[in-house]
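Have a look at the structure below, then the notes.
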Amino acid sequence: MRAFVLSAAAALLAIVADIGHAKTPASSAPYGLTSRTAPKPYLNMPTDAAGKLPALLSQTGVFKDMRNLVVADGLIPYDLVVAFWSDGASKLRWAAVPDDGGRIQFSPTGDWVFPAGSVFVKTFELPVDETHPQVRRRLETRLLVRGANGGVYGVAYKWRPDRSDAELLSSSLTEDIPIKTASGSTRTQTWYYPSRQNCLECHNTHTTGILGVKTRQMNHDFVYPSGVTDNQLRTWNHLGLFATGFAETDIPTFPTLAAADDTTRSVEDRARSYLDANCSQCHRPGGTVANFDARYETPLDKQALVDGPVLIDERIDRSRVIAPNDIWRSIAFMRVNTVGEIRMPPLARETIDEKGVDLLRQWITSLPGRPVVAPPQISPAGGTFGAPVEVSLSDGEPGADIRYTLDGSAPTAADMHYERPIQITGPTVVRARAFKDGFTRSIAAQGVFIVGQ
């Protein structure tokens, strides 16, 4: 009987223990890193850009195994919710945060401030086989250093083809990278290696210098080398990296950007997150001369994005930063959707982020507004011709009325109505616009024709 009572008591204690464990908050889960070895300040980099820079990446103190990218003790791997578009390259990131010089000044919404001697490492690898995207060429590793004077400086190391090491670049450089297409042919993609001055164009004095490593980018799960999956904020807080820590129960209340493919979040959230990651380093108070604020932390109605005025209208009538339900008058969309001189971001981008463009298109067309007629198509699009040329105009909107001019002026509803192909016999600027009742008129399409010269 006594044995039965003892067994029953033991069982009851076990049940109570299980209940208590079930009620234990998620903080009982393992951390991504339980401890760390603090790296020395600056690793082997100088305290400022004027110092002697290591000629080889192997001399910086970042990696102890170059080919396999095994980092030195103390460097912490991390990832971002929404990465800056880098022409389709994948990125591997690490941070070296020393104990000397203080801790990270944490902010739930704004930029973090890192102690002097912090080093951020980013290695770029470009997929070079469309049928086997895991086949990548290692291109460069960039280092961003928090200097002794409170600023930052950046350097780029270009990898050797055999991955034995990477060499310091003294200036910007472009390289054509061969890419094997799905059909078996080869195309080339231009890669831009930034100069040290280029680094400061984004990591500018209107920011704290460190761009991606902030709460809304780090507030998500990451698979650590140990195999443990943990929220990055939780791991960094556990390691004591912040001057003022926070309760783990606060983490769900902190903002998180929305990944482009995260359909649990609204298209507005995802589009604003994309603009935050790709534009907010310059488009913020005190930054570039443009009017809008791309930071996610700024409420949408304060960003001057939707229906926001533009300083440069690109000769588009009624243009706005984001024109509701009108991609053609949305200057931000236009500049993301080109590799021409007006492209945005303007630096280290040689290709269009098609998924990002599609996301912005979805958001813009979801905004309330009148339907808009697409601009007419001019065929041929323009150019130099040795003989007279026949030009056709068309529009995909059924019932659209196309009006055109041949003197470069902006077409109105009173100008020539398009009925048949136009014969061009000399230098001519063809401009065309489409109209339809109940719709906002199209923007003007243009073709410049040089004939007989």
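The values are calculated or read from the model by the stated rules, or taken from the named source; none is laboratory data. For clarity, every value in this text was computed on a predicted model and none was experimentally measured. All Cβ positions, glycine included, derive from the backbone under ideal geometry; neighbour counts span all protein chains shown. Heads up: the accessible areas ignore ligands, DNA and RNA and are worked out on the full protein's heavy atoms, side chains in. Shrake-Rupley method; radii C 1.70, N 1.55, O 1.52, S 1.80 Å.
Some observations on this one:
- Share of Cα-Cα pairs in region 80-138 lying beyond 12 Å, as whole percent: 75
- 3J(HN,Hα) along region 289-303, derived from phi through the Karplus expression 6.51 cos²θ - 1.76 cosθ + 1.60 where θ = phi - 60°, amounts to 6, 5, 7, 8, 10, 8, 5, 5, 5, 7, x, 3, 6, 10, 7 Hz, with x in place of Gly and Pro.
- Alpha carbon centroid spacing (whole Å) that separates region 409-436 from region 154-219: 45
- Region 178-222: C-alpha gyration tensor shape, a/c 1.5 cut-off, then a/b vs b/c: oblate
- What the phi angles of region 238-253 give under the Karplus curve with 6.51, -1.76 and 1.60, with θ = phi - 60°, is a coupling list of 4, 6, x, 6, 9, 4, 10, x, 8, 6, 4, 5, 7, 4, x, 8 Hz, glycine and proline written as x.
- Accessible solvent surface per residue of the chain, calculated while the other protein chains remain in place, 1.4 angstrom probe, Å²: 48
- Global geometry of region 279-365, whether rounded, prolate or oblate, following the gyration tensor of its Cα atoms and the 1.5 cut on a/c: rounded
- Neighbour net charge for Glu397 - beta-carbon separation under 15 angstrom, K R +1, D E -1: +1
- The structure-derived value of mean projected area of the Cα convex hull in nm² appears in the list [x] 31.8; [y] 23.3; [z] 19.8 under the label [x].
- Taking Cα atoms only, the orientation of helix 354-366 departs from the longest principal axis of the chain by about 70 degrees.
- Under 5 Å, built H, 5+ apart or other chain: amide partners of Phe222: Asp230, Asn231, Gln232
- Expected 222 nm ellipticity per residue - DSSP helices of 4 or more, -39500 (n - 2.57), all of the chain, to 500: -4500 deg cm²/dmol
- Whole-percent carbon and sulfur share, accessible surface of region 260-406, 1.4 Å: 51
- The protection proxy used here, the mean number of other Cβ atoms lying within 10 Å of each residue, ranks peptides 105-112, 269-276 as follows, highest first: 269-276, 105-112.
- Tyr193 long-range amide H proximity, modeled H, under 5 Å: Leu173, Thr174, Glu175
- Here's how it looks for Trp159: its modeled amide H is under 5 Å from those of Glu140, Thr141, Glu167, which are all 5 or more places away or on a different chain.
- Length gained on full extension, Thr288 to Asp317, computed as 0.36 nm times the residue gap minus the Cα-Cα distance: 8.1 nm.
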